[in-house]
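Below: the structure, in structure tokens.
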Amino acid sequence: TDLRPLDILSEVVPTGGLARGMRVFQVQGVRGFQLAASRPRALGFPASRLFIHCDRFPEEFSIIVTLRVLGVPAKRNEYIFTLMAEESPSVLVGLRYAPDKLHFLFWSQERAGGWQTRVTFHNVSLSDNQWHTLVLAVSGQSFSLTVDCSVPKDLLVETPFPASLSVKRASFYLGNRRRRKGVFTGLLRQLVLLPGADATPRVCTAMNFKEATLSVPTVLQDVPAKPASNEVLKYPYETDTKVTLGSRPPCTKQEKAQFWFNASRRGLYLCNGSAWISLLEVKQRLDYVEEYQSLVTNSETMGVEVFTIPKVGLFAATANRYTPPGSAIYKWTDGKFVPYQNIPTYQAQSWKYFTIGKKIFLAVANFEQNDRGQEFSVIYKWSRRKEKFITYQRITTHSARDWEAFVIEGEAFLAVVNHREGNNHNIDSVIYRWNPRTGLFETNQTIPTSGAYDWEFFTIGPYSFLAVANTFNGTSTKIYSHIYIWLSGSFQLFQSILTFGAADWEVFRIGDRVFLAVANSHSYDSGMPAPSNFYAINSSIYELNITAQMFVKFQDLLTYSALDWEFFSVGDDSFLVVANSFDGFTFSVNSIIYRWQGYEGFVAAHHLPTVGCRDWEAFHTAEGSYLLYSSAKEPLSKVLKLKTT
């Protein structure tokens, strides 16, 4: 055979229609075949249609399958495909699924009579009603299974795959082994045989790894979410359509082809797999920004966190410099933030809101010691009875700057940035794991950092990442910040990026593209001549390059002691706002909103007067969209309203 993909699924589908016993379903925005058990032979075809030049099965090959498995009873096996000789009930090659197991079957003819070998991959959990892509690579005694482009499962078995397996007078059967028992009950989207190669590098290039594609039948290929004209569907299909009411729901591949009705704007939207497309409303565009509320704070504000407690309301927590009176929580009431609760803090730097199950938490990063000379940051828990945050757990920290909360494989984590201990900036920051038995966070891993300011957690496909903004190593701000990847139960170094007093990382997505922006605050090196301006310095935006498997620089933007980036959207437009804090002469510096303009990148659109700007937060209410900025130089933060057309 030529080394080209052999599309088994497409061979079953006659041109211009469907085979008997096949129906097309669309689930989570993705189409697949459902197979009927009543006519197993109708879902077959001679192997000679694929193996035109040679009647031998490849010795080395990959099998690529995209499927959605329904719940399989504990003792039941379902066949994804089989290759069987016409005169024999034996399976020459086959793939079948059992709960938490995947079996690869093949017939070895090395000695008289032959025998069947089964290679079993354990702990393969597919019965979660989600789409999954499997790549099975076979070479001699080596068998490797990759699920959703994650870490492969490798097996070395005693019996090798035969070097010469005849497929004369043999046929492929889709979802069965030529009988009704064991028919595949889920949905099949892709079934491809690739001779002579491990297909993983070819398949694992898309952003959505669960639906990675090598070859898909025409009838299953996506159509535009909004047809170009009043065309009639060439291939009818069934789908589970629903309309969601209320606030903006997520729009991912899982919600593709679902509708959302926004009652406040009287708009109907369709999810295209990444964004909501307006069907019955003129798209909003940002026109200008106006001052909406001057929020008097307890003291200068180092950071702000906006969050919503279900069935209670919208809140903003300000991290204030001085104690007393400490930091404050404000509640959105009648279209304004009003004081709600004061909490003692010690030169607080930031807040982090997160949930674990039904528990609601708010963690503060304290920079200084308390009145007793103790240095710790505090996790507060929301009391539904008191409707207040109460002290839950104290954790020893060292000039803490930031908390980051995240979940990996169902487990909750909380990471703290330790900035310095005394005059030593090169210390460990700590990742804590939630212990559900004790109900407390416990140390899980330490990572060396240098005067660090910020953690940023994000996921890409099945992989989890944590980026740290390193600011100062004791002699220079020109140091490497690091991106870590979660592998085998811990974070390991993935990539290092040269930064200049990095104060913040911001990850964001535009369509299928993934970006990472760093806020560089100042350039200082004790061993180098002083620059003309320490604070006028480029901050950079990096884009993930899937082929290179790394972030590469996309764009530089001139900033002035930048301390924060915030990404937000208005209608179909994407924006970044930077917190410019000091230009070398004054703290009264314009912070800038940049608009995404495709090929041009981000272009300055609005210049906002700010004083010692430290942090930005974007939020939405039924009345509109807003930006909140905190000032580290005056006890006054401001809410700005985004005026749209």
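The values are calculated or read from the model by the stated rules, or taken from the named source; none is laboratory data. The structure presented is a predicted model; accordingly, all values stated were derived computationally and were not measured. Cβ sites come from the backbone with ideal geometry, for glycine too, and all protein chains shown count toward neighbours. Note: areas computed on protein heavy atoms with side chains; ligands, DNA, RNA excluded. Shrake-Rupley method; radii C 1.70, N 1.55, O 1.52, S 1.80 Å.
Residues considered: Phe406, Phe457, Phe413. Of these, the only one that is surrounded by fewer than 21 Cβ atoms within 10 Å (Cβ to Cβ), more than 18 Å from Ala502 (Cα to Cα) and either of a type in the set (D, E, K, R) or under 25 Å from the mean Cα position of the chain (by Cα) (or both) is Phe406. Taking the conditions (1) buried (at least 18 other Cβ atoms within 10 Å of the Cβ); (2) outside any strand (DSSP E or B); (3) touching a residue at least 40 places away in the same chain (Cβ under 8 Å) in turn, Ser215 satisfies each one other than (1). Scanning the stretch 111-137 for residues that are among the β-branched types (Val, Ile, Thr) and either in contact with a Ser or Thr (Cβ under 7 Å, 6 or more places away or on another chain) or over 21 Å from Pro195 (Cα atoms) (or both) yields Thr117, Thr120, Val124, Thr133, Val135. Taking the condition of being of a type outside the set (Asp, Glu) and assigned to a loop (DSSP other than H, G, I, E, B), how many residues in the stretch 3-61 meet it? Looking only at that region, the number is 24. Among the conditions (1) at positive phi; (2) open to solvent by less than 30 Å² (accessible area, probe 1.4 Å), Asp100 misses just one, which is (2).
Here Gly511 passes the criteria (1) surrounded by fewer than 22 Cβ atoms within 10 Å (Cβ to Cβ); (2) among the small types (Gly, Ala, Ser); (3) in contact with a strand residue (DSSP E or B) (Cβ under 8 Å, 6 or more places away or on another chain); (4) in contact (Cβ under 8 Å) with a residue 24 or more places away in the chain except the one numbered (3). Only residues that are open to solvent by 10 Å² or more (accessible area, probe 1.4 Å) and either in contact with a strand residue (DSSP E or B) (Cβ under 7 Å, 6 or more places away or on another chain) or part of a strand (DSSP E or B) (or both) were counted across the stretch 110-128, and they come to 7. Within the stretch 45-71, being open to solvent by less than 20 Å² (accessible area, probe 1.4 Å) and within 19 Å of Phe104 (Cα to Cα) holds for Ala47, Phe57, Pro58, Phe61, Ser62, Ile63, Ile64, Val65, Thr66, Leu67, Val69. The lone criterion from (1) touching a Gly at 6+ places or on another chain (Cβ under 9 Å); (2) part of a strand (DSSP E or B); (3) not polar (S, T, N, Q) left unmet by Phe582 is number (2). Within the stretch 354-383, the set of residues being open to solvent by 40 Å² or more (accessible area, probe 1.4 Å) and among the hydroxyl-bearing types (Ser, Thr, Tyr) comprises Thr355 only. Listed by first and then second residue, the pairs with beta-carbon distance under 9 Å, at least 6 apart or on different chains, first residue in the stretch 246-258 and of a type in the set (Val, Ile, Thr), second open to solvent by less than 90 Å² (accessible area, probe 1.4 Å), are Thr252/Gln28; Thr252/Gly29; Thr252/Asn208; Thr252/Cys271; Thr252/Gly273; Thr252/Ser274. Considering only residues in the stretch 1-51 that are at pLDDT below 80 and of a type in the set (Ser, Thr, Tyr), the one that is farthest from Ala199 (Cα to Cα) turns out to be Ser38. Being open to solvent by 50 Å² or more (accessible area, probe 1.4 Å), over 24 Å from Glu634 (Cβ atoms), at pLDDT 95 or above and among the aromatic types (Phe, Trp, Tyr), is that true of even one residue in the stretch 514-527? No; the residues of the stretch 514-527 include none that is open to solvent by 50 Å² or more (accessible area, probe 1.4 Å), over 24 Å from Glu634 (Cβ atoms), at pLDDT 95 or above and among the aromatic types (Phe, Trp, Tyr). Restricting His607, His620 to residues that are within 30 Å of Phe315 (Cα to Cα), assigned by the TED database to the domain that holds Gly501, assigned to a strand (DSSP E or B) and without any contact (Cβ under 8 Å) to a residue 24 or more places away in the chain narrows the list to His607.
Cβ separations smaller than 8 Å between residues 6+ apart or across chains give the following pairs from the stretch 541-562 residues that are in the same structural domain as Val507 (by the TED database) and free of Cβ contacts under 8 Å to residues at least 40 places away in the same chain to residues that are part of a strand (DSSP E or B) and among the aromatic types (Phe, Trp, Tyr): Glu543/Phe515; Glu543/Phe551; Glu543/Phe554; Asn545/Phe551; Val552/Tyr542; Lys553/Tyr542. The residue pairs whose first member lies in the stretch 447-462 and is of a type in the set (A, V, I, L, M, F, W, C), whose second member is part of a loop (DSSP other than H, G, I, E, B), and whose beta carbons are closer than 6 Å, counting only pairs six or more residues apart or on different chains, are Ala452/Asn470. Among the residues of this structure, Ala452 does not count as one that is within 23 Å of the chain's Cα centre (by Cα) and either modelled with pLDDT under 95 or crowded, with 21+ Cβ neighbours inside 10 Å (or both).
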